[in-house]
Structure formats: structure tokens, C-alpha cells
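Heads up: the structure comes next, in C-alpha cells.
FYI, it's all coordinate maths here, none of it is from the lab. None of the values given here were measured: they were computed from a predicted structure. Because the Cβ atoms are built from the backbone with ideal geometry, glycine has one as well, and the counts that use them run over all protein chains shown.
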């Protein structure tokens, strides 16, 4: 019997997982906040190997991000399947559409424009149906606990006034509800303790979807708080039947990189663990601590525009096709904003490995641009080029909480190979080594590297930026037209040096 799954199951920024099993296949969705396309959909046959098959929000009008402030956007979705349709319900928070339900016949899409449920004014909505087909939306209300309202999903109209479902156990921030009908009872799984080191999973059960709910005597049933476990912030869980007929749980967690378990550059990732049942209560195991993602070598295919529709590419508050185009074997971006602006001309991917290189060959003869690692507007790292025909000026930027430091160098005129390289540092307290990470901003005109800056990566992590995402690494333009002749990413599961040459 399988007792553990790859750890993490979905590396890189993949928080707030929700899962459903349909016809022997698992479909999972995670939060994506201010990025488009939003709400990535992953599929697996075994909870081991996952493929991203699409996104729910592929059009800007589905979410209305124009006035969404970081860390707003699409928060904590729930995916369910009912009456032949996939449903994803989500809060588009801090300036977006509010609570929206999207539907699709195929989880790969296309997904509907969405129906807004005005009565839901909280976050983390869940969707469940009773035996008569009535839809229940349960959601978190700040300072109150879990509220619930019955709704007409075709119109978004509430069938009653929202009411308190369960106030939680008394821990901070009762949120992330999921409601299940199991046997003769209804089970309510919630997140509590805040989204940081106190994060936990608690459960309650009752005789109907409306309760009343009693708290499990062993709450919280899962947490890594006040432990030295290498996966922290465990919480925001969803239950599903495992391939062997048992029960599995998907949940988020972070993998801190220093001795004090203080900093997580990759952000909140998706984990899978096994659940046993004791007296009708779910008792999840702590998810396994693994080496992380398998080694990955990615090279963007710039022969045609299909790369812009490929799973994994992200833009900030706009779609990849509105940012970039393919022209004569190069990815082209027209600069119209700084990388620190709310809507930069930036195209990126999730950083999925602690030891990694993101690299691009940049033709900056008609503009200024380069490569960047973004957590939010005021927590960004970048190295960019500008070529005046006689020389290429390379500038590295470190932006931390709005404070900015730069380093400059000159290279011969022509395309410059720019890279952001990350490397985990050792922990040896006897030698005063507390671990962490070094970030190098590197330029190459030939094979010889020029390191413009080495940074302490702990300051560009989930805990310091508080953007609710991990790092997104990618290419950008600030002025003019910048051509990217090659784009690549190398991530390592072990300790060998990643390749920064795109060979």
C-alpha cells in the first residue's frame, strides 16, 4: 500500500490545492493570485505524476484584475464535479469580481465566463450539493468563522441570507472550508492558525450540510507548528479517495531553507498525504519530506506562437499573448512599464527548484530588458541590458521593500546572455553557517561569466514579501522592443551545478 507521494507533489508556487476524482482521474486546481492565465488545472491518474492541462481563467474579463492590488486576485478555489460539469468556485479578492463560479464540460477547458454570487462577501468558497441537488456555498468571513448560503448556480442568486456555519476551534483565522457527505454525517474540513507557521487542519462534523457541527476532540488533526519538520505551514486541505481505495489529502506547505526554518523562496507548494479514520474522524499523516522536484531542463521553443499558450507561462494582470509575440525565431516584448509596476511587460514561469538557473539570450539593440525574479512589485530581482551599438550596458537591480540597489557593467555590443542563478547554502552551526540561499545576477558576452551581484536570497522569499506566491522567473522589457533569442531554465534535485549556457 502506498503510504507517501512525491514531496511536494506540485513544486513551486501552487498554494490552496483543491481536488476532485472523476472517472478514475484526479483534477487539481491551485491559487494564482494576480497572474494570468489563472487557476491552473492539473491532472493525474495516480497522485504521483501530474500534468498541467489548462487554466480556468484564460481571459482577463473572467476575473477583472485591473484594480486588483497585490496580494489580491484569485484566492483559494474549490473544484468539484456535478451533473456532468466541472465547477470551480473562487474569490477574486481585493478589487476583482468577488465570488465567481466557473463551469466546463472538460477540465482542460474552455471554461465559462463565470457567474457571480453577490451574497458571498468572504474568501475561500467551497461548493457542495445535498441529495436533493441544492447547492451550498460555505466560505470564510474575517473574524467570524465559516458562513454558508444556499444558492441558485444558474443565476448566482442566494436562496437565503448567509448564516454562521461553524466558528472554528478558537485558533486564528478559521478559513478554507471544504464540506463532504460521508456515511450518515457531513464533514467540515477547515484551515486555522493563520497561513504561516501556525497553520493547521481542523475538522468538525454534523448531521446535515447546515450542521450543527461538533469539533473533533483531537483538533487540530494536522500541523507542523512548533516542530523542526522540514515542511512547515501545513494546512488548507482537501480530501479525496486514494487509488487504493483509502483516503488521501492534498494540502499546502512550505520548505524553508535555513536552520531556523524561516525563509521559503519557492512559496507555498502542494503536498499529498495519507489519511486514516478513527471513530469517524480523519487523521492525516504528516506529508513525506522529499528532495523536491526532479531535475528539470526547459528550453522554450521559439519557432512559433504556440509557446505563448503552453502551460506554465504567466503574465501579471494580463495574458501572455498581450505581453509577447514570436517573430523570426525570437520572443519579442515591447516595453511599456518598469518591472516594479503593477502591470509590467513580463512573461514568467514558477521557480520550482532551490538550485536553479533562469537564463535568456537578450538582443537589447532596440530597447531595454532582461530577466527577473518577481514576488511582488516591491520585492523583485532583475538584470537587464541596453545596447547602443558600441557597447552593451548591463544593470543588475535588487529591489527589497521598495529600496533599490544597482550594479552596472559593460559588455561588447551584441546579444547578452543574462541569468539569475540560485544556490542553497549549507547549514553547519559549529562553523556559523545558518544556511539560506545565494542569488547571483550574471552576464555573459562569451563563455566567461561576469557576476554583477550576489544576494542573500532569504530576503526574496514568501515570508518577507508576503505576496502569497513564490518566485516567478522570466523575461521582461521596460523600454523599446527587446528580442529574446533563447530562453531556458535548469533546476536540480541534487547539488550539481545547473547549466547557465543554454547549450
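Just a few scattered comments:
- On the beta carbon distance between residue 466 and residue 286, with R0 = 35 Å, the FRET formula returns roughly 0.85.
- Full-extension gain in nm, residue 309 to residue 393, via 0.36 nm per residue minus C-alpha separation: 27.0 nm
- As a ratio to 2.2 N^0.38 Å, the alpha-carbon radius of gyration for the stretch 296-492 is 0.98.
- Each residue in 137, 29, 240 was given a count of other beta-carbon atoms within 10 angstrom of its own, and listing them fewest first yields 240, 137, 29.
- Fewest neighbouring Cβ atoms within 10 Å first, the residues 343, 216, 99 line up as 343, 216, 99.
- When its C-alpha radius of gyration is set against 2.2 N^0.38 Å (N residues), the stretch 156-259 gives a value of 1.18.
- Sequence-separation-based contact order of the chain, relative, with Cα cut under 8 Å and 6+ spacing, percent: 14 percent
- Once you divide the Cα radius of gyration of the chain by 2.2 N^0.38 Å, the number left is 0.98.
- Separation in nanometres of the label points that stand 7 Å from Cα toward Cβ, at residue 121 and residue 241: 4.0 nm
- The stretch 296-492: relative contact order in percent, alpha carbon pairs under 8 Å with at least 6 residues between: 31 percent
- Computed lengthening from residue 49 to residue 405, 0.36 nm per intervening residue step minus Cα-Cα distance: 124.0 nm
- Likely footprinting exposure, 151, 56, fewest C-beta neighbours within 10 Å first: 151, 56
- Global form of the stretch 18-284, assessed from the alpha-carbon gyration tensor, a/c cut-off 1.5: rounded
- The gain in end-to-end length when the residue 296 to residue 59 segment is fully stretched comes to 82.4 nm, 0.36 nm per residue minus the alpha carbon separation.
- Residues of the stretch 112-145 with amide N under 19 Å of a point placed 7 Å along Cα→Cβ from residue 163: 119-122, 126-141, 144-145
- Between the stretch 408-482 and the stretch 198-249, the alpha-carbon centres lie 37 Å apart.
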